[in-house]
Structure formats: C-alpha cells, structure tokens
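Undergrad: Before we start, here is the structure in question, set down as structure tokens.
The values are calculated or read from the model by the stated rules, or taken from the named source; none is laboratory data. As the structure is a prediction and not an experimental result, all values here were calculated from the model. Positions of Cβ are generated from backbone atoms using ideal geometry, with glycine treated the same way; all protein chains shown enter the neighbour counts.
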Amino acid sequence: MEHGADRVIDGPTPKHTQLREILRRLAERELAPGAPIPSERELARRYAVSRLTVRTAIGKLVDEGLLSRVRGRGTFTAARRMELQLSLMSFTTEMRRRGLRPSTEILSTATEVPSAETATALRLGDREVASKLSRLRLADGVPLAVERGWYRSAAVPGLFDLDLTQSLYDQLARNYDIRFDTAWQTVWAEAAGRETARLLGIKTGSPLLVFRRISSVRGEPVEDMTSWYRGEHYQVTMQLDRNSPESGPLPNHGGRP
C-alpha cells in the first residue's frame, strides 16, 4: 500500500491532511468499492501518527462520502450506488436479485390510532386503529434502510404473529392473498435524525433518501409505508417522455408525511 510519496512527514501541511490524501488515493485507485481499509491502529503504526490523526483523516473522507463506517465492522470504501427501483418489488427480492443476502431486524410493533394523514391514506374511520410495524433492513449485514409502515388491521388480522423478519410482501400474499397491484410513491431528501442515524450506523445529519409508498390491492389501500435509505448507497433513475402523465401529489392522501 505504501509508495514513495505515501509518507507522512513533518512540515507545513498538517499530518491529518497528508494522511487523508494517502487514504483518498487508496480508496480511489487501489481498493474495490466496498472493500475494508486498514484499522486505525494499523494506519497509526504504518504512518507513525497518532490514532487521533488517523480518526480525523478518516472522518473527513467519511464526510465526503468516499469512505463509510459500519458500526462494529470497520471502515470501508464507498460501495457503488445501487439503483432504487420505483416499483412494487420487495426489499428482500431486490437484494437477492443483486446477489446480496437480505436480513431484517424488527424494531417495534403496535396497534394504535395513526395520524390523520395515514388514516386518510388508508381510508380508516374516525379513531380506527391500524397495525404499525418498524423494521431495519440489511444487506450482507450492512444496515441500509429503516422502514416504518402502517397497515389496515382489518385486512391483515394476526399480522404480528407472522415471521416479519422475512419478506413482508411474500407473507401478505401467502396469508391474506394480498398482492399489491398499484401504489403511489413520493421521494424526497432528508437529513438523518438522531434515532434513524443510530439505527443505520451513520452520523446525525447524514443524507437520506426517503420514500413514502401507499399501496393498494384491487383499489383498496392497505399499506402506508415510509422508508429511510442511506443516501450514499443509492440513486434513483427515472425515464421521462413527453407523453408520460405529469406527476403530482398523492390523490386523496394528502402530502408528504
């Protein structure tokens, strides 16, 4: 890894700046996307600098999006961004299609009265309860998204008795004959709040892509789900043509949550 110019020396340029540029060259030219970089201890030993200097250099590159920290695993070069499909494909199916191993952690379940906006989206009666499900979605052990969804309780009785660590859409199809055929989806950018950042293993304020999807089957809305995706891992590409209908707000559902 270390070449002639890749040394940290005493001089007018701060050592953390010198090390940052060494690590930049490493990430951009030598390592594959998603590859681990040496540990802080190894970098400190190799370049004869303090752990604080290493931490500062890495932190700058994390802020730039060139490196990514994964809590409990280390620091990695940024993976190539994955395309997020604006479709009704489930997270589990999408990750398997990419050759990744999907997994899910259940964060919370509850049956309660939702916000007025969700009640309108799901066409619930006054003070009618719904099933609330929050999950952390991972691929190859890396947390990629936090999902917080509401479901019409009458349409999915016993939802929380299912194995919700598996594909929810597969479970809905198998147990309730629910196969979503239409959905309205809204996308926006957002800075990560403290709790979402903690779950995703990123810094508070990091960029997120947020998707709100209201899914229906045979014209009846069943799901109102919002997903927060790590912005450095994803991009969205859409094809537009002159004859496409103009996009607009969610009909009869209000605006963004």
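Undergrad: Please go through the stretch 134-193 and give me each residue that is surrounded by 14 or more Cβ atoms within 10 Å (Cβ to Cβ) and of a type in the set (Val, Ile, Thr), ordered by number.
TA: Of everything in the stretch 134-193, those that are surrounded by 14 or more Cβ atoms within 10 Å (Cβ to Cβ) and of a type in the set (Val, Ile, Thr) turn out to be Val142, Val146, Val156, Ile178, Thr186, Val187.
Undergrad: Quick one: which strands (runs of 3 or more DSSP E) lie wholly within the stretch 100-214 and hold at least 2 residues that are over 17 Å from Arg230 (Cα atoms) and among the aromatic types (Phe, Trp, Tyr)? Quick ask: steps written out before the conclusion?
TA: Details: elements: 102-112, 130-139, 142-151, 182-191.
It comes to 142-151.
Undergrad: Looking at this structure, is Glu128 exposed (fewer than 13 other Cβ atoms within 10 Å of the Cβ), acidic (Asp, Glu), modelled with pLDDT of 95 or more and in the same structural domain as Met225 (by TED's automatic domain parsing)? Break it down stepwise before answering.
TA: On the way: exposed (fewer than 13 other Cβ atoms within 10 Å of the Cβ): no; acidic (Asp, Glu): yes; modelled with pLDDT of 95 or more: yes; in the same structural domain as Met225 (by TED's automatic domain parsing): yes.
No, not satisfied.
Undergrad: May I ask you to list the residues in the stretch 1-53 that are crowded, with 16+ Cβ neighbours inside 10 Å, over 18 Å from Val70 (Cβ atoms) and among the small types (Gly, Ala, Ser)?
TA: Ala44 - this is the single residue of the stretch 1-53 that is crowded, with 16+ Cβ neighbours inside 10 Å, over 18 Å from Val70 (Cβ atoms) and among the small types (Gly, Ala, Ser).
Undergrad: Is it the case that Thr165 is within 21 Å of Ile106 (Cα to Cα), of a type outside the set (Gly, Ala, Ser) and either at pLDDT 95 or above or within 20 Å of the chain's Cα centre (by Cα) (or both)? Before you say what the answer is, go through the steps one by one.
TA: Numbers: within 21 Å of Ile106 (Cα to Cα): yes; of a type outside the set (Gly, Ala, Ser): yes; either at pLDDT 95 or above or within 20 Å of the chain's Cα centre (by Cα) (or both): yes.
Against the criterion (within 21 Å of Ile106 (Cα to Cα), of a type outside the set (Gly, Ala, Ser) and either at pLDDT 95 or above or within 20 Å of the chain's Cα centre (by Cα) (or both)), Thr165 qualifies.
Undergrad: Name the single residue that is modelled with the highest pLDDT among those in the stretch 194-204 being surrounded by 12 or more Cβ atoms within 10 Å (Cβ to Cβ) and out of contact with any Pro (no Cβ under 8 Å at 6 or more places or on another chain).
TA: Step one: of the stretch 194-204, the residues surrounded by 12 or more Cβ atoms within 10 Å (Cβ to Cβ) are 196-204.
Restricting the remaining residues to those that are out of contact with any Pro (no Cβ under 8 Å at 6 or more places or on another chain) gives 196-198, 202-204.
Working: Thr196: 95, Ala197: 91, Arg198: 92, Ile202: 82, Lys203: 83, Thr204: 89.
It comes out as Thr196.
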